[in-house]
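The values are calculated or read from the model by the stated rules, or taken from the named source; none is laboratory data. Computed from a predicted model, the values in this text were never measured in an experiment. All Cβ positions, glycine included, derive from the backbone under ideal geometry; neighbour counts span all protein chains shown. Areas reflect the complete protein model, heavy atoms only, side chains present, ligands, DNA and RNA absent. Shrake-Rupley method; radii C 1.70, N 1.55, O 1.52, S 1.80 Å.
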Amino acid sequence: MAKKPRIVIIGAGMAGLTAANKIYTSSSDMFELSVVEGGSRIGGRINTSEFSGERIEMGATWIHGIGGSPGMGGSPVYRIARDTGSLVSDEPWEDMDSTIDKPRTFAEGGFELEPSILEPISGLFKALMGLVQGREIVEDDGDLGCGADVYDIVATRVCSSRNGSVRSVGSFLKSGFDAYWDALGNREEVKGYGNWSRKSLQEAIFAMFSNTQRTDASADDLCTLDFAAESEYQMFPGEEITIAKGYLSVINHLASVLPQGLIQLNRQVTKIDWQTGEVASDDSKTIVGNGFDDHRPVKLYFSDGSVLVADHVIVTVSLGVLKAGVSCEQGMFSPPLPDFKVEAIKRLGFGVVNKLFIEMMQRDFPSLQLVFDRADSEFRFKKIPWWMRRTATISPIHSNSKVLLSWFAGKEALELEKLTDEEIINGVSTAITCLTGKEAKRNTSKKLGSLCNGNANAKFTRVLKSAWGSDPLFLGSYSYVAVGSSGDDLDSMAEPLPKIEKAGEGNSDSERARVHKLQILFAGEATHRTHYSTTHGAYCSGLREANRLLEHYKCTSC
């Protein structure tokens, strides 16, 4: 009796479990299916946890857009969360009411910023990022306080940038700020802000918004983020929300249909053997661990010494793991991946974003936006540790929570992973003190005590941090299109192997017929051209590869 095709999925995150769910529910009796996961849990970069009695997300947090339908521009993650009742909870959850309280913004030295200082730069940054991402900015989107609106100032700048004069998002943003400053009619110095000049203060506010954008993109520096590719990234319509019962509820729903034993935990793949050419001859049969011969073209080696053979393998490991796998001498793939795949892996960006949760003794701490002076400024507070200086916000995870959340990206995120809890608490406390001061100087009725419910000494008791950069199963957080790469590289990431040559491109029809097709398939957020870096991108990529295999076996009726 003919053996069923064996499909092995590497990774039990969003992409892997989506693929497994689709294949199993479409044709459970047609394949031998298994999911091998190197860690001790499912979910991958989705990891709902608990801290100080609160449900928190250590990884993926947002459903990015709830408008539309899944087939017409809507998020499939939203559909799953809605249909499974995961959006409703009797208990509060992270960011359930993030838009209710307007944050208070402090500049280094104890100065609370007035809207007249803050809002023009907020409008400028929003308009610039809208243009970067290909969104049209209408002329009444906001006035900059200089006699010309946002649209007038940045329109000519973006036109010149689109012709190739600007390569990175960071350089475009700088040119946009420079255009704003050049057009500013009122350059009268600000009063009551100590050593801050108007320009230095506005530059620092602009840098704060840039730091938030760094965490969105996972780029250490926005000057490494490709300008042209940003307009390809697609956003779902509607607001962004978090999942009341935790992001892991979506993962558990996908896994719930799979029979016990199909997902194997603590099974870390160390090497993938595959065939680039003809089927192995009879004298080179693969010997499987249980002793029988097998002609399956892919052989997986695991850290525990075990071996598994397969007809098809869907690789859903992170881009960080792939980068490490193609860079070391003992590569992950044997033979090595073809050049087009290796080059795409190396060119694309993969950054680190970490979340820091801080428990306080008291509640009612406000949402804060943090405006730091330049690291080389003579007026900076040297007591503030360098790893805090590109942190943009620190806020309760919901109103009346005693758990605060702050985001870190790039070098600061990696440094956070190395610090002790005591070093973190001291650093955060110092930064907040140096920014808020003993008194909010632009509004003398608001003492520091009003920041923390009358307690002038906000006391932090313990912390919890993510550590995606040092985790060997991830080696980072999510991908971005770096300068020097493009959306074409994301398409190359999704290309299955071996790459079968078309007729007339080197091999005869008979030779092509003897090649095992679709030996290695690739899924994950870094393989989706328009939705990279997101959980819905990972979901769609897993569905894509499952459908590729189902179509390969003519399972079109499923």
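Counting the residues of region 325-366 that are among the charged types (D, E, K, R) and assigned to a loop (DSSP other than H, G, I, E, B) gives 3. Being open to solvent by less than 10 Å² (accessible area, probe 1.4 Å) and part of a strand (DSSP E or B) holds for only one residue in Val77, Val8, and it is Val8. Of Ser249, Ser256, all but one fail to be more than 30 Å from Val371 (Cα to Cα) and without any contact (Cβ under 8 Å) to a residue 40 or more places away in the chain; the exception is Ser256.
Among the residues of region 47-59, is there at least one that is touching a helix residue (DSSP H, G or I) at 6+ places or on another chain (Cβ under 8 Å), in a strand (DSSP E or B) and either surrounded by fewer than 20 Cβ atoms within 10 Å (Cβ to Cβ) or hydroxyl-bearing (Ser, Thr, Tyr) (or both)? The answer is yes, given that some residue of region 47-59 is touching a helix residue (DSSP H, G or I) at 6+ places or on another chain (Cβ under 8 Å), in a strand (DSSP E or B) and either surrounded by fewer than 20 Cβ atoms within 10 Å (Cβ to Cβ) or hydroxyl-bearing (Ser, Thr, Tyr) (or both). For region 325-339, the set of residues classified as open to solvent by less than 50 Å² (accessible area, probe 1.4 Å) and farther than 16 Å from Lys299 by Cα consists of Gly325, Val326, Pro338, listed by residue number.
Inside region 258-296, residues that are open to solvent by 60 Å² or more (accessible area, probe 1.4 Å), modelled with pLDDT of 90 or more and assigned to a loop (DSSP other than H, G, I, E, B) make up a count of 4. Among all residues of region 194-205, there is none that is within 30 Å of Arg347 (Cα to Cα) and open to solvent by less than 50 Å² (accessible area, probe 1.4 Å). Filtering region 60-74 down to residues that are modelled with pLDDT under 90 and within 20 Å of Leu543 (Cα to Cα), which residue is least open to solvent (accessible area, probe 1.4 Å)? Selected residue: Gly74. Just so you know, in region 430-442 the residues that are touching a Phe, Trp or Tyr at 6+ places or on another chain (Cβ under 9 Å) and more than 15 Å from Arg389 (Cβ to Cβ) include one that is modelled with the lowest pLDDT, and it is Ala440.
Let's see how each residue does on (1) outside any helix (DSSP H, G or I); (2) more than 29 Å from Gly469 (Cβ to Cβ); (3) of a type outside the set (Gly, Ala, Ser):
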| residue | (1), (2), (3) |
| --- | --- |
| Asp29 | yes, yes, yes |
| Val88 | yes, yes, yes |
| Phe106 | yes, no, yes |
| Ile117 | no, yes, yes |
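Restricted to region 174-193, and to residues there that are of a type in the set (Asp, Glu) and under 36 Å from the mean Cα position of the chain (by Cα), the residue that is most open to solvent (accessible area, probe 1.4 Å) is Asp182.
I'd like to know if region 372-394 contains one or more residues that are closer than 30 Å to Leu322 by Cα, among the charged types (D, E, K, R) and in contact with a helix residue (DSSP H, G or I) (Cβ under 9 Å, 6 or more places away or on another chain). Yes - at least one qualifying residue is present in region 372-394. For Ser479, the stated conditions hold: it is touching a Phe, Trp or Tyr at 6+ places or on another chain (Cβ under 9 Å), modelled with pLDDT of 95 or more and polar (S, T, N, Q).
If you go through region 349-365 one residue at a time, do you hit one that is surrounded by fewer than 20 Cβ atoms within 10 Å (Cβ to Cβ), modelled with pLDDT under 95 and charged (D, E, K, R)? For region 349-365, residues surrounded by fewer than 20 Cβ atoms within 10 Å (Cβ to Cβ), modelled with pLDDT under 95 and charged (D, E, K, R): present. Just the residues that are open to solvent by less than 10 Å² (accessible area, probe 1.4 Å) and out of contact with any helix residue (DSSP H, G or I) (no Cβ under 8 Å at 6 or more places or on another chain), please, taken from region 12-38. Of everything in region 12-38, just one residue is open to solvent by less than 10 Å² (accessible area, probe 1.4 Å) and out of contact with any helix residue (DSSP H, G or I) (no Cβ under 8 Å at 6 or more places or on another chain), namely Val36. Restricting attention to region 328-378, the residues that are among the small types (Gly, Ala, Ser) and more than 26 Å from Thr215 (Cβ to Cβ) add up to 2.
In summary, Arg390 fulfils each of the numbered conditions (1) open to solvent by 30 Å² or more (accessible area, probe 1.4 Å); (2) out of contact with any Asp or Glu (no Cβ under 8 Å at 6 or more places or on another chain); (3) at pLDDT 95 or above with the single exception of condition (2). Restricting attention to region 200-239, the residues being within 19 Å of Gly134 (Cβ to Cβ), assigned to a helix (DSSP H, G or I) and within 15 Å of the chain's Cα centre (by Cα) number 5.
When we screen Glu108, Glu94, Glu114 for residues that are open to solvent by 50 Å² or more (accessible area, probe 1.4 Å) and among the acidic types (Asp, Glu), the only hit is Glu114.
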